[in-house]
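Report on one structure; see the data block that follows.
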Amino acid sequence: QSRLIVLDKPTPPQGPVEITESAVTSVEFKWKPPKDSGGCPVTNYIIERQQVGRNKWSNLGEISCIPSYKDTDVDPGRRYCYRIRAKNAEGISDYLQTGDIPAGVLRYPGSPTA
């Protein structure tokens, strides 16, 4: 008896994306792994970022297979969108796109009151 094992690229990572931190200098979020890994383990996630209002996507690179990311290169008060792809030995998935994730806003202490 023989079995045919078909290997394929993974399906996209699963949402919903959960924002775990939104600070002045960083945003952090997590997601769920793909429902179908394609028959071999997910080795990395590929992260892209777009500042809301701009057309350009920037490739932030590959991270480990842990489904969370912390972006420490954000501008206070700006909003960002991210695309996440899963990668295995057979290829790269389609992407999961986040909604707008706002970076924190700088707050200045108020004037002292007498």
| Any chance segment 63-72 includes a residue that's small (Gly, Ala, Ser) and within 19 Å of residue 103 (Cα to Cα)? | yes
| request: Look through segment 53-87, keep the residues that are under 30 Å from residue 5 (Cβ atoms) and assigned to a loop (DSSP other than H, G, I, E, B), and return whichever of them is nearest to the chain's Cα centre (by Cα). | output: 67
| query | In segment 1-52, what count of residues is obtained for those that are surrounded by fewer than 17 Cβ atoms within 10 Å (Cβ to Cβ) and assigned to a loop (DSSP other than H, G, I, E, B)? | reply | 20
| field | Residue tally, condition touching a Lys or Arg at 6+ places or on another chain (Cβ under 8 Å) and at pLDDT below 95, over segment 39-51 | value | 0
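The values are calculated or read from the model by the stated rules, or taken from the named source; none is laboratory data. None of these values were measured; they are calculated from a predicted model. Backbone-built Cβ (ideal geometry, glycine too); neighbour counts: all protein chains shown.
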